[in-house]
Amino acid sequence: DAGVIQSPRHEVTEMGQEVTLRCKPISGHNSLFWYRQTMMRGLELLIYFNNNVPIDDSGMPEDRFSAKMPNASFSTLKIQPSEPRDSAVYFCATRSTSGSYEQFFGPGTRLTVL
Amino acid sequence: GQNIDQPTEMTATEGAIVQINCTYQTSGFNGLFWYQQHAGEAPTFLSYNVLDGLEEKGRFSSFLSRSKGYSYLLLKELQMKDSASYLCAVRGEGGGSYIPTFGRGTSLIVHP
């Protein structure tokens, strides 16, 4: 298996632009998590899905952030409009609820908003 | 709520033993994870403790005391490649919910 796939790996954009981050989970994993990591705040959970349904989005900072999981193979995290304080590394992680509690993380998307 | 504390940074010598501590105060407890994260990379799973005691896995061991809200990760025979951040994460919700809360991580520097 290729593991969790995220794209793009790096994104540089200007304030006010829309940013879309993508994640393809490991086949068979039915839980998906979006995290944000910064030096100041560490690794923060933004939202997680179970069987494509959003279960907890209390970590989403504000209405500028939205996430979708239209099917078991794909999820997006969108920021519109982006702001400099959104600059961070965004990780997608997945796990199988029938397996161990281990989460498998993707390589992350490093976002820089100028 | 969840509160997880780890030292920010530790240094150690190649070949030595180092212990990284983690204390937590959470509403309920359903397991504690340790992850390793090299600079610029994703976190990777090291261990998961649910019951009290020590679990050994090669050069790495993880200990848990639920009554004390305390865990440590023990790294033996340190190698340069062990220089990384070590994240403690606690699964505090009960039932079918699964939301691990991560600590800020401990940056371990191994020098020759």
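From the list A:Q37, A:Q6, which one is in contact with a Cys (Cβ under 6 Å, 6 or more places away or on another chain), of a type in the set (S, T, N, Q) and closer than 19 Å to B:A42 by Cα? Working first, answer last.
Working: A:Q37 fails: in contact with a Cys (Cβ under 6 Å, 6 or more places away or on another chain).
The conditions single out A:Q6.
Would you call B:D52 away from chain A (no Cβ under 14 Å), buried (at least 18 other Cβ atoms within 10 Å of the Cβ) and either over 29 Å from A:T97 (Cβ atoms) or touching a residue at least 12 places away in the same chain (Cβ under 8 Å) (or both)?
Values: away from chain A (no Cβ under 14 Å): yes; buried (at least 18 other Cβ atoms within 10 Å of the Cβ): no; either over 29 Å from A:T97 (Cβ atoms) or touching a residue at least 12 places away in the same chain (Cβ under 8 Å) (or both): yes.
Here the answer is no, as B:D52 does not meet what is asked.
Which residue, of A:S75, A:S31, A:S100, A:S58, is loosely packed, with under 14 Cβ neighbours inside 10 Å, under 21 Å from B:F45 (Cβ atoms) and either within 11 Å of another protein chain (Cβ to nearest Cβ) or in contact with a Leu (Cβ under 6 Å, 6 or more places away or on another chain) (or both)?
On the way: A:S75 fails: loosely packed, with under 14 Cβ neighbours inside 10 Å; A:S31 fails: loosely packed, with under 14 Cβ neighbours inside 10 Å; A:S58 fails: under 21 Å from B:F45 (Cβ atoms).
Just one listed residue meets the conditions, A:S100.
Out of curiosity, is B:Q25 closer than 26 Å to A:I47 by Cα, at pLDDT 95 or above and in a strand (DSSP E or B)?
Numbers: closer than 26 Å to A:I47 by Cα: yes; at pLDDT 95 or above: no; in a strand (DSSP E or B): yes.
Criteria not met by B:Q25.
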When residues of the stretch B:18-34 are limited to those that are touching a Gly at 6+ places or on another chain (Cβ under 7 Å) and not aromatic (F, W, Y), the one surrounded by the most Cβ atoms within 10 Å (Cβ to Cβ): B:C22
Taking B:P7 as meeting all but one of (1) in a strand (DSSP E or B); (2) touching a Ser or Thr at 6+ places or on another chain (Cβ under 7 Å); (3) touching a residue at least 12 places away in the same chain (Cβ under 8 Å), write down the number of the exception. (1)
Tell me which of these A:M40 doesn't satisfy, since it passes every other one: (1) surrounded by fewer than 18 Cβ atoms within 10 Å (Cβ to Cβ); (2) over 14 Å from the mean Cα position of the chain (by Cα); (3) touching a residue at least 12 places away in the same chain (Cβ under 8 Å). (3)
Looking only at the stretch A:56-114, how many residues end up being outside any strand (DSSP E or B), closer than 19 Å to A:T38 by Cβ and of a type in the set (A, V, I, L, M, F, W, C)? 2
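Identify, from the list B:G40, B:G92, the residue that is within 14 Å of another protein chain (Cβ to nearest Cβ), closer than 23 Å to A:L32 by Cβ and surrounded by fewer than 18 Cβ atoms within 10 Å (Cβ to Cβ). Let's see the steps before the verdict.
Working: B:G92 fails: surrounded by fewer than 18 Cβ atoms within 10 Å (Cβ to Cβ).
Answer to the selection: B:G40.
The values are calculated or read from the model by the stated rules, or taken from the named source; none is laboratory data. Just so it is clear, the structure is predicted and the values come from calculations on it, not from any experiment. Virtual Cβ from ideal backbone geometry, glycine too; neighbours counted across all protein chains shown.
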